[in-house]
Amino acid sequence: MLKMSSYYARRPLQSSGCSNSDSCWDGAPIEITESGPSVAGRLAALASRMTIKPLMTVGSYLSPLPLPLGFVDFACRVWRPGQGTVRTTINLPNATAQLVRAPGVRAADGAGRVVLYLHGGAFVMCGPNSHSRIVNALSGFAESPVLIVDYRLIPKHSLGMALDDCHDAYQWLRARGYRPEQIVLAGDSAGGYLALALAQRLQCDDEKPAAIVAISPLLQLAKGPKQDHPNIGTDAMFPARAFDALAAWVRAAAAKNMVDGRPEDLYEPLDHIESSLPPTLIHVSGSEVLLHDAQLGAGKLAAAGVCAEVRVWPGQAHLFQLATPLVPEATRSLRQIGQFIRDATADSSLSPVHRSRYVAGSPRAASRGAFGQSPI
């Protein structure tokens, strides 16, 4: 894996990034270690270790019991959107989604770019409210509407059903007039799994979105490699037992969903990597255990000829971007992701080969015209 300091991430295209062939140097992903952590980042990680991690530990022992996890997203309704942010509920066949536009962002009218965002929460909790800070900020930095899917959750529903909901949201965007090269798939934690799995499902329809963004992604359902990773001791959120609970939830959910007379198969996206996948940007904490999945996924993508870049943020908590704007690294990360999205969709009339010539976070001469408003 090619490792670089954050300085080189800001060099011109020919100095780093992806080549014309959608691949990275010598079939290896680019890994960039960012500066930090700041005092605010350290405090946020400490707060997570002192509060969320103990709750995760207790919850992992209570996982066989019905837990009121839906309350998490409901309670986050107190996080009101910023002034001028527009949020519209979209009805899907079996779920809902929220279309979010930061102030000044054009309507989702099939022109420009759009982000399809798949939230994390271990497939069992969270939703548009819990992730509103990330989505609101991302809409502004990407200068794009963001459609966040309130997909069905396990253990009542299965991962396949959740993926169906994400696919329905993608089809809704296509019906609005967006072409694949205008759509970026993004997800955090468990949503990273869904984003990659959705991109692979779309390959069957010869559809290739502009790019994939994965934030602290869970890319592998297998629990053993994460539990054996050195970061299991430094992770500020997840104890080792949390992955036992997640595996049990996923298996139980799959067993209840019968497909052709048999339980739903568990799908491992990293076992199905092909060269036709979109260029991928991954942001992850250097202290969290999902660094394993981030590096493994980037390595497999690059080996297949897909441009993959990993940005490692030392000392941060899992999904530290939720702490924007309180933690400066959170805002910086989202700003870089927004730049990547703008670069990946800079000119949808270009071929996919030319469109993949990006450097995440590199400066670009972008036009910033005034965007109109509409109900959606």
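The values are calculated or read from the model by the stated rules, or taken from the named source; none is laboratory data. Predicted model, so just to flag it, every value in this text is computed and none were measured. All Cβ positions, glycine included, derive from the backbone under ideal geometry; neighbour counts span all protein chains shown.
If you go through the stretch 96-126 and keep only what is buried (at least 21 other Cβ atoms within 10 Å of the Cβ) and among the aliphatic types (A, V, I, L, M), you end up with 97, 99, 100, 102, 105, 108, 114, 115, 116, 118, 122, 124.
Taken together, 297, 305, 315, 261 contain a single residue that is small (Gly, Ala, Ser) and at negative phi, which is 297. Among all residues of the stretch 166-183, there is at least one that is within 30 Å of residue 347 (Cβ to Cβ), in contact with a Lys or Arg (Cβ under 8 Å, 6 or more places away or on another chain), among the acidic types (Asp, Glu) and buried (at least 18 other Cβ atoms within 10 Å of the Cβ).
For the structure I just gave you, tell me whether residue 90 is surrounded by 15 or more Cβ atoms within 10 Å (Cβ to Cβ), at pLDDT 85 or above and not in a helix (DSSP H, G or I). The answer is yes for residue 90. Considering only the stretch 202-226, how many residues are surrounded by 18 or more Cβ atoms within 10 Å (Cβ to Cβ) and under 27 Å from residue 251 (Cβ atoms)? Within the stretch 202-226, residues that are surrounded by 18 or more Cβ atoms within 10 Å (Cβ to Cβ) and under 27 Å from residue 251 (Cβ atoms) number 12.
The residue of the stretch 93-119 that is nearest to residue 177 (Cα to Cα), among those that are touching a strand residue (DSSP E or B) at 6+ places or on another chain (Cβ under 9 Å) and among the small types (Gly, Ala, Ser), is 108. Put simply, of 147, 163 the only residue that is within 14 Å of residue 195 (Cα to Cα), at pLDDT 95 or above, surrounded by fewer than 21 Cβ atoms within 10 Å (Cβ to Cβ) and of a type outside the set (Phe, Trp, Tyr) is 163.
A residue that is of a type in the set (S, T, N, Q) and closer than 17 Å to residue 123 by Cβ occurs somewhere in the stretch 209-220. Taking only pairs six or more apart or across chains, which ones have beta-carbon atoms under 7 Å, a first residue in the stretch 51-64 that is of a type in the set (A, V, I, L, M, F, W, C), and a second residue that is modelled with pLDDT of 80 or more and surrounded by 18 or more Cβ atoms within 10 Å (Cβ to Cβ)? Close Cβ pairs satisfying both conditions: 52/237; 56/237; 56/238; 56/239; 56/242.
Within the set of pairs 6 or more residues apart or between chains, which connect a residue that is over 15 Å from residue 203 (Cα atoms) inside the stretch 167-189 to a residue that is basic (Lys, Arg) with Cβ atoms less than 8 Å apart? Final answer for the pair search is 182/113. Restricted to the stretch 306-325, and to residues there that are at pLDDT 95 or above, farther than 14 Å from residue 337 by Cα and of a type outside the set (A, V, I, L, M, F, W, C), the residue that is nearest to the chain's Cα centre (by Cα) is 318. Only one of the listed residues (122, 175) is out of contact with any strand residue (DSSP E or B) (no Cβ under 8 Å at 6 or more places or on another chain), at positive phi and among the hydrophobic types (A, V, I, L, M, F, W, C). That residue is 122.
All but one of (1) among the acidic types (Asp, Glu); (2) under 20 Å from residue 195 (Cβ atoms); (3) without any contact (Cβ under 8 Å) to a residue 60 or more places away in the chain hold for residue 260; state the number of the condition that does not hold. So the condition that residue 260 fails would be (2). Answer yes or no: is there a residue in the stretch 127-135 that is under 24 Å from residue 209 (Cα atoms), of a type in the set (S, T, N, Q), modelled with pLDDT of 95 or more and crowded, with 22+ Cβ neighbours inside 10 Å. No, that holds for no residue. Counting the residues of the stretch 291-316 that are touching a strand residue (DSSP E or B) at 6+ places or on another chain (Cβ under 6 Å) and assigned to a loop (DSSP other than H, G, I, E, B) gives 1.
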